[in-house]
């Protein structure tokens, strides 16, 4: 992989992307040049034919063999060229996507949220596509166009240098036109990608929120949002179009002027006997040859402009520093956790303030507190999904980033509050990798009380569930999430309001199962229900980012008025809880 | 009804093809004038380009060989005028055609998005978000590329070709006919190869959709990937999709690139024919050198656009494959449109009732069996039962997110299907298990889709919030109405549920369904919510689905939902004992 300039002010040129594919690109250009070189010979053969006829020694056989031979070779070379072209461009696209995905996979959670998934989607699709287009079309076209332009120019010069110079005067004129127009276009392309991000976002929200939209009948509103983005896209498209609509006619006109010069000046030369009629014909043919590549470069500059804009955007992702810290501790966790002075800021807003917590190995701790108290963020901190702004979090006396990531995550299981189900089989959703053993999987399924549910499915564990898990009930999803966390045989299990969607009886069973099947587990559970955690070793009451009380249930009932208030709010049905 | 775009039946596909073409024509129908002007510009431009070589050929024969330089200069003057005219027409053709393309893309995306909005929830459950986004963006753009770039060149090339072909035949029939034979071969070749090319591209576009779906799914759930250290798994899954896309793209690329070399070969053959046959004709005094020079130019004028057509044809095939994917969406019809009431139902005093309702998802298993249910105005109903028992499905049927497979749901004594969406959604509020927020502020989300308060100023809105007793909940947000929120993870699930709750209450529905709507809200705040629910207008019916029993203790009636059956529980105690004893899972 080529090393990329990390200086964003000076992005590497789009051509640098070709470096690792030198061999293929050289081969590609070689075939293109061979094909085009031979193509240049064709008018010469014809001119020779005409001239030899006027001189009376015309030979059909020679002409036909020469011409047919050249034609056949052109065909072979062009065909080889297109094959390599496809192969190279697709490989560049594939490798670029792989590099992007590898890079993204090293991102931290915060990076992804900041980078915005909708934009990353554009990076991986539309942006890569425009670079692919650059490789598949621009590279060859420009190489062979330049070759034809240079070749045709040399041939023109060798026939009649005065006339040739007049004709070639069009090249700088065209060059300058391109330069001016493209400079404007490039800025517009960059903007148009941003609008595509916007469109993606509107579409994506309208899809993810489709149920809500139908419940409140707000389809029209969504349409208006979309319309706004789409109008922008159209306006921008039209301004890009306007620039190109002007560019191409100017170039054609300039080229036509060259044709005119040949007629007027070349005609004069022929009349005055300084040029042969065959050469005059060849001049016309070469001009026709010259115009096409110039036009091609014009079109390709469009492609290059788009690809450069895309490459710049992709470069920003590729050049972003990786979030992974190379910790190397591979020790087995005991589950002893220490938080010292942990503060977390979101922008200016403190989410957690100066938290001190001590969790003993193998103990059970509950975190309760009102909505938006920072409970989920506390769990995110414990998994290293986010990093504290201040303070330290230590497992067995070492900070999270001192641990080797794989080793750490293998020992920490996390059940998220909202259900995240992938469009894969239930087995993959739970095992989430091929390394989980069947025994661990079985144990996790049994513990999460999923056995009966899975047995009743037509294809059992291999049943594929849909994206967003819409074919499953809320409780089923939550239990699959639990099984997923347990399947890694964790030493520390973090539950984020896990039982909110599971009925009480099942909840009891599951909590019992966990204790039974994973006896050494350190359990940290964010919950709303005091009844379920009364027996825990430690209960922490979190309010607005601060620990307002902590201790065992009995102590808190005596010391914390807030805790008693929460307890009382749950007491009206307490008798039913006790029955079970 | 099957809404899975990747598994549409042949019947659905077939009807879609016909409708699709009709739709496409409708999309550009209003552009008639612009299209006409563009055609005129294209044809003029092509003719001007054709006349050039003719004039030059004439100048060679008439003036250069006879050494009359004045004639050469006059011809040059005429040419200059023509080239200036061509400057204008070629600007116009790009401008006009490109604008049509851009506007068509615009209309197409709008139509598609609109269609997406018409389709029911079932459609979204059966298709992946990433694939849909790919269809809306990538596939429409393929059509745009064809319209704004290729179509113009396409027409221009065909006109130039036709003109050149006619000139070839006029100048010399025999030579012309011989010159055009390779073109005929090209035509055959194209006809044979095209379906294959289109198929290859369709496969590729599908894999692009798959890739996009994979990315979308992974990126939106990145937390899980990190927390379970499955970065490698993400990479592996992505590589699989990427590799698959690579394979299909190579297939499509190989197919797309077949045209160019073949077209090149045939056009060189044509030149050879002209040269040998032409010289033979000159030798037999049926032809002149000057004509041969312009003849070669016309042959170039004929075969160069043909070579261009090769790549244009490819882009046409790609666009058609994209269009197929788009029209798959356009061909779908919502099965939830209002339908006139079939037969008069027995009068009922209930606000909402289920009459022998059964329901099954398209993938088969029946979720609800023969449910009968009456909900009276102003009462509170609780649905309890084990997970997966059918509670959410029951609620979804009340909100008509789906229609029952059998039986009828009655709203105020009329088939719920006979109400328009506006009437229905005004009467029924539904707070769903998974709250969804749009990026914006709390205010944006509270008023989302609320006609009554759209455009209301802050004072009136705060008044409305007071009236519905929501002010205490709103106070939980740091900046009140102006607190920014996103559709992502920046806000806690409990807070999302609070906003969803306020949103539904502000709409003042006749029936308010809460499906685990407060599950992640702390019990103290939850008491606040029950107070608000108690203060709803006396006629409002509440349907509460919850696991936490304290949320349902005030219910007038409790239904126990399990294994697709809905049983009325005599009391809370009865419900609890059923919950504890009944161990059937569904």
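Here are some notes:
- Total residues in region A:247-266, condition at the interface with chain B (Cβ under 7 Å from one of its Cβ atoms) and under 20 Å from residue A:185 (Cα atoms): 3
- Single unsatisfied condition, residue A:452 versus (1) in a helix (DSSP H, G or I); (2) over 28 Å from the mean Cα position of the chain (by Cα); (3) more than 13 Å from chain B (Cβ to nearest Cβ): (3)
- Considering the conditions (1) closer than 20 Å to residue A:349 by Cβ; (2) under 36 Å from the mean Cα position of the chain (by Cα), residue B:473 is excluded by exactly one of them, (2).
- Region A:528-543, residues that are modelled with pLDDT of 85 or more and either within 13 Å of chain B (Cβ to nearest Cβ) or within 24 Å of residue A:349 (Cβ to Cβ) (or both): A:540, A:541, A:542, A:543
- The set of residues in region A:403-449 being without any contact (Cβ under 8 Å) to a residue 12 or more places away in the chain and facing chain B (nearest Cβ under 8 Å) consists of A:406, A:418, A:433.
- From A:156, A:165, residue being buried (at least 19 other Cβ atoms within 10 Å of the Cβ) and in a helix (DSSP H, G or I): A:156
- Tallying residues that are farther than 28 Å from residue A:374 by Cα, surrounded by 17 or more Cβ atoms within 10 Å (Cβ to Cβ) and facing chain A (nearest Cβ under 10 Å) within region B:444-487 yields 2.
- Looking only at residues of region B:27-72 that are outside any helix (DSSP H, G or I), within 11 Å of another protein chain (Cβ to nearest Cβ) and in contact with a helix residue (DSSP H, G or I) (Cβ under 8 Å, 6 or more places away or on another chain), we find that the one that is farthest from residue B:103 (Cα to Cα) is B:67.
- Count - residues of region A:333-354 that are within 14 Å of chain B (Cβ to nearest Cβ) and not in a loop (DSSP other than H, G, I, E, B): 7
- The set of residues from region A:382-399 being more than 12 Å from chain B (Cβ to nearest Cβ) and not in a loop (DSSP other than H, G, I, E, B) comprises A:390, A:391, A:392, A:393, A:394, A:395, A:398, A:399.
- Against the numbered list (1) in contact with a strand residue (DSSP E or B) (Cβ under 7 Å, 6 or more places away or on another chain); (2) touching a residue at least 40 places away in the same chain (Cβ under 8 Å), residue A:258 comes up short only at (1).
- Condition broken by residue B:493, with the remaining ones in (1) over 25 Å from residue B:422 (Cα atoms); (2) touching a residue at least 60 places away in the same chain (Cβ under 8 Å) satisfied: (2)
- Scanning region A:214-240 for residues that are under 28 Å from the mean Cα position of the chain (by Cα) and either modelled with pLDDT under 85 or more than 7 Å from chain B (Cβ to nearest Cβ) (or both) yields A:224, A:225, A:228, A:229, A:231, A:232, A:233, A:235, A:236, A:239, A:240.
- Residue that is farthest from residue A:563 (Cα to Cα) [pool: residues in region A:517-527 that are away from every other protein chain (no Cβ under 14 Å) and either in contact with a strand residue (DSSP E or B) (Cβ under 9 Å, 6 or more places away or on another chain) or crowded, with 22+ Cβ neighbours inside 10 Å (or both)]: A:518
- Residue in region A:355-365 that is surrounded by 17 or more Cβ atoms within 10 Å (Cβ to Cβ), away from every other protein chain (no Cβ under 14 Å) and assigned to a loop (DSSP other than H, G, I, E, B) present: yes
- Some residue of region B:387-410 being without any contact (Cβ under 8 Å) to a residue 40 or more places away in the chain, in contact with a strand residue (DSSP E or B) (Cβ under 9 Å, 6 or more places away or on another chain) and more than 14 Å from chain A (Cβ to nearest Cβ): no
- Residue, surrounded by the fewest Cβ atoms within 10 Å (Cβ to Cβ), within region B:76-105, restricted to residues that are more than 7 Å from chain A (Cβ to nearest Cβ) and free of Cβ contacts under 8 Å to residues at least 40 places away in the same chain: B:81
- Conditions (1) within 26 Å of residue A:380 (Cα to Cα); (2) touching a residue at least 24 places away in the same chain (Cβ under 8 Å); (3) not in a loop (DSSP other than H, G, I, E, B): number failed by residue B:433: (3)
- Hey, residue B:322 assigned to a helix (DSSP H, G or I) and either farther than 30 Å from residue A:289 by Cα or not assigned by TED's automatic domain parsing to the domain that holds residue B:266 (or both) or not: yes
The values are calculated or read from the model by the stated rules, or taken from the named source; none is laboratory data. This one's a predicted model, so the numbers in the text were calculated from it and none came from an experiment. Positions of Cβ are generated from backbone atoms using ideal geometry, with glycine treated the same way; all protein chains shown enter the neighbour counts.
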